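One structure is given here, and the rest of the page talks about it.
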Amino acid sequence: MFPTVREVLALDPVRHGAPRLVAGEAGLDRPVRWVHVTEVPDIATLLGGGELVLTTGIGLPADDAGLRAFIGDLAGVGVSGLVVELGRRYLSGVPRVMAAAAGRHGLPLVELRRATPFVRITEAVHALIVDAQLTELRATEEIHQRFTELSVEGADPDEVVRQAAELSGCPVVLENLSRQVLAYDPAGESAELLLDGWEQHSRRIRPTGRTAYDPDSGWLVTMVGARGEDWGRLLLRWPGSGGLGVGGDDLSGVDGTGTPPTRLTILVERAASTLALGRLIRRDAEGLERQIHRTLLTALLDRSRPVDEVALRARALGLVLDRRHLVGVVVRHRADSPTGDPGAGGEWGLADVDPGPARLRDLAEAVGQAMRDANLTALTSAVDDHAVGALLALPDAAGEDRALAAFAAALRRGRPDSRSVDAAARTGGPAYPGRPGGDAADAGLIVAAGSGVASLREAGRSLIEARQVAEAARRDRRDLAIFRLPHVGLAGLLHLLRDEPRLQTFVERELGALLAYDARHPREQLLGTLRAYLEQGRNKSAAAAAAHLSRPAFYERLARVARVLEADLDSVETCLSLHVALLALDTIRTP
């Protein structure tokens with residue numbers, strides 16, 4: 001934002017004075033915040049740092065000690081440089097003691113060997129500063145306008161990150177709390193080099209504060225989240241020079257302080273706000289009745305409305321939910337993308353791919369039709385971007401299994417793969433003959449049901465359980481018409497919670513120090529030592545054999561693990577917590 005001493009010396013009014021650098025060449029890239037003319041020796045107390053001081057030397061001390069003190073005081077307050085016009089006090093050059101003192105302090109000391117009106121230098125430098133400030137203001141206005149438009153449009157993360165990279169001219173990366181990349185834009189650089197070993201590299205980026213610059217790595221980092229809960233980090237690599245923004249505005253140039261310009265900080269914070277807001281926005285094109293169904297299901301899930309009000313509104317739709325046996329059901333595609341590729345990267349860069357409103361609406365209609373075909377009463381609606389939920393209302397608990405089987409059969413008969421299901425019913429074979437060797441299973445549906453409850457007040461628990469089971473069942477290769485909670489173990493539970501910031505925070509709290517250590521010492525990989533120890537039931541000899549290490553070597557590594565984590569590895573409770581964190585880490589890293 002401010003010109004440097006080097007740039008000031010290149011201005012025409014300064015060049016007219018035939019400038020010669022006497023000392024302090026290393027400080028030529030200091031920013032010049034203002035120009036101050038003085039002829040008194042005690043001026044330092046009136047300065048705030050960053051000034052370029054102009055003087056003829058008339059009022060400077062005559063003794064060597066006084067000149068050293070003058071230079072020391074200027075350097076102490078952080079002035080950018082000292083320019084001395086020759087001819088009035090000093091005829092052929094500044095005193096050697098002044099030059100030596102400036103050299104010791106690294107303060108640029110410049111002689112003007114020709115008389116030059118200081119007012120012309122002041123005007124030229126101040127015009128440069130004001131112009132830079134106007135450029136900064138225009139760039140900041142462009143940033144606010146661009147990200148306001150993105151917020152209103154509900155832009156997806158890829159677009160937000162792309163715009164941030166375009167405005168800054170710098171690579172930008174969006175990651176979750178587990179250091180997995182959700183979206184990125186290399187800004188013309190190599191994406192492979194940018195993302196190679198990203199997790200280890202990211203763990204070495206540890207700025208202080210919510211938005212801060214890490215000078216060691218060159219990344220400007222800000223947290224991303226809303227409503228007091230962070231779910232990721234947005235990182236911008238500031239090269240220190242050269243980036244051009246929209247319209248050719250220099251958005252990433254050096255400000256001379258060793259930190260990114262203020263506008264880049266504004267940019268990443270606005271981008272992070274847009275990302276956080278976008279995650280809260282939901283756009284849907286459902287009909288009014290379906291919207292009411294969704295409103296009621298959502299109210300049961302997040303308890304945002306009184307249960308009596310939900311029952312009343314459902315009754316107005318012809319659905320009696322009170323004094324019924326209620327079962328939460330969730331239906332989703334096993335692969336979220338139409339191509340069946342679960343790793344294509346979704347709206348938030350996670351393993352899921354947004355199936356699109358039309359595909360989700362088709363699934364909601366199919367679930368509603370299956371309920372009608374099975375003569376069942378239920379609230380049905382999409383409950384998130386990938387799943388359709390239903391709350392079955394049955395006369396009693398005795399008919400629960402029969403009703404769920406009838407619904408699953410009706411749903412699959414209405415799907416394009418119904419011929420496979422019908423053939424399976426006739427032959428007793430699997431519903432998806434391509435499994436486990438083929439990919440046919442990936443085109444199927446997962447039907448999950450929660451535990452039946454006898455009260456509408458508990459219906460939310462049944463729906464949440466069904467949604468969790470459906471999410472965890474995506475990794476299950478079995479052919480089950482209905483997935484229930486007993487089919488899901490701890491690994492499945494952790495899988496369905498893998499995008500939960502609190503789980504990622506737990507993993508970071510338990511294993512963050514060890515992961516950071518491994519990132520700094522890639523040849524040691526102590527995480528593998530800990531894994532072998534826990535997987536072998538804390539049997540050190542067996543763990544050493546599993547790790548292909550001698551027992552002394554393994555014991556030494558295990559002791560190092562304990563020191564890094566500051567944990568007692570002989571404690572059952574501590575090891576249980578670490579083992580769960582390891583399972584969660586594996587789940588987070590696995591799409």
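For residues in region 310-358 being out of contact with any helix residue (DSSP H, G or I) (no Cβ under 8 Å at 6 or more places or on another chain) and among the acidic types (Asp, Glu), which is modelled with the highest pLDDT? That would be ASP336. Scanning region 532-584 for residues that are modelled with pLDDT of 90 or more, within 15 Å of ARG509 (Cα to Cα), of a type in the set (A, V, I, L, M, F, W, C) and in a helix (DSSP H, G or I) turns up VAL561, ALA562, VAL564, LEU565, CYS575, LEU576, LEU578, VAL580, ALA581, LEU582. Just one residue in the set ILE58, ILE143 is buried (at least 17 other Cβ atoms within 10 Å of the Cβ) and either in a helix (DSSP H, G or I) or more than 39 Å from the chain's Cα centre (by Cα) (or both); that residue is ILE143.
Scoring ALA26 on the criteria (1) over 18 Å from VAL130 (Cα atoms); (2) touching a Leu at 6+ places or on another chain (Cβ under 7 Å); (3) not in a loop (DSSP other than H, G, I, E, B); (4) not polar (S, T, N, Q) leaves a single failure, condition (2). Report, ordered by the first and then the second residue, all pairs with beta carbons closer than 6 Å, sequence separation of six or more or different chains, a first member in region 227-244 that is over 24 Å from ARG179 (Cβ atoms), and a second member that is open to solvent by 20 Å² or more (accessible area, probe 1.4 Å) and modelled with pLDDT of 80 or more. Qualifying pairs under 6 Å: GLY243/GLY169; LEU244/GLY169.
Conditions tested, residue by residue: (1) surrounded by fewer than 20 Cβ atoms within 10 Å (Cβ to Cβ); (2) within 45 Å of the chain's Cα centre (by Cα); (3) over 30 Å from ARG263 (Cβ atoms).
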position: VAL83; (1), (2), (3): no, no, no
position: LEU91; (1), (2), (3): yes, no, yes
position: PHE118; (1), (2), (3): yes, no, yes
position: ILE129; (1), (2), (3): yes, yes, no
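Scanning region 476-499 for residues that are open to solvent by less than 50 Å² (accessible area, probe 1.4 Å) and under 30 Å from ARG279 (Cβ atoms) returns ASP476, PHE483, VAL488, GLY489, GLY492, LEU494, HIS495, LEU496, ARG498.
With respect to ALA102, determine if the residue is in a helix (DSSP H, G or I) and within 26 Å of ALA124 (Cα to Cα). Taking the combined requirement at face value, the residue satisfies it. For ASP442, the conditions (1) out of contact with any helix residue (DSSP H, G or I) (no Cβ under 9 Å at 6 or more places or on another chain); (2) at pLDDT 50 or above; (3) among the acidic types (Asp, Glu) all hold with the exception of (2). For region 29-47, a residue qualifies if it is open to solvent by less than 30 Å² (accessible area, probe 1.4 Å) and not in a loop (DSSP other than H, G, I, E, B), and the qualifying residues are PRO31, VAL35, ILE43, ALA44.
Scanning region 163-178 for residues that are under 21 Å from ALA226 (Cα atoms) and in a helix (DSSP H, G or I) returns GLN163, ALA164. The single residue among ALA473, ALA519, ALA459 that is surrounded by fewer than 20 Cβ atoms within 10 Å (Cβ to Cβ), modelled with pLDDT of 75 or more and either in a helix (DSSP H, G or I) or aromatic (Phe, Trp, Tyr) (or both) turns out to be ALA519.
In summary, GLY188 fulfils each of the numbered conditions (1) in contact with a Pro (Cβ under 9 Å, 6 or more places away or on another chain); (2) touching a residue at least 40 places away in the same chain (Cβ under 8 Å); (3) open to solvent by 30 Å² or more (accessible area, probe 1.4 Å) with the single exception of condition (2).
The values are calculated or read from the model by the stated rules, or taken from the named source; none is laboratory data. Predicted, not measured: the structure shown is a model, and the values here were computed from it. We place every Cβ from the backbone using ideal geometry, glycine too, and count neighbours over all the protein chains shown. Calculation scope for accessible area: heavy atoms of the full protein, side chains included, ligands and nucleic acids excluded. Shrake-Rupley method; radii C 1.70, N 1.55, O 1.52, S 1.80 Å.
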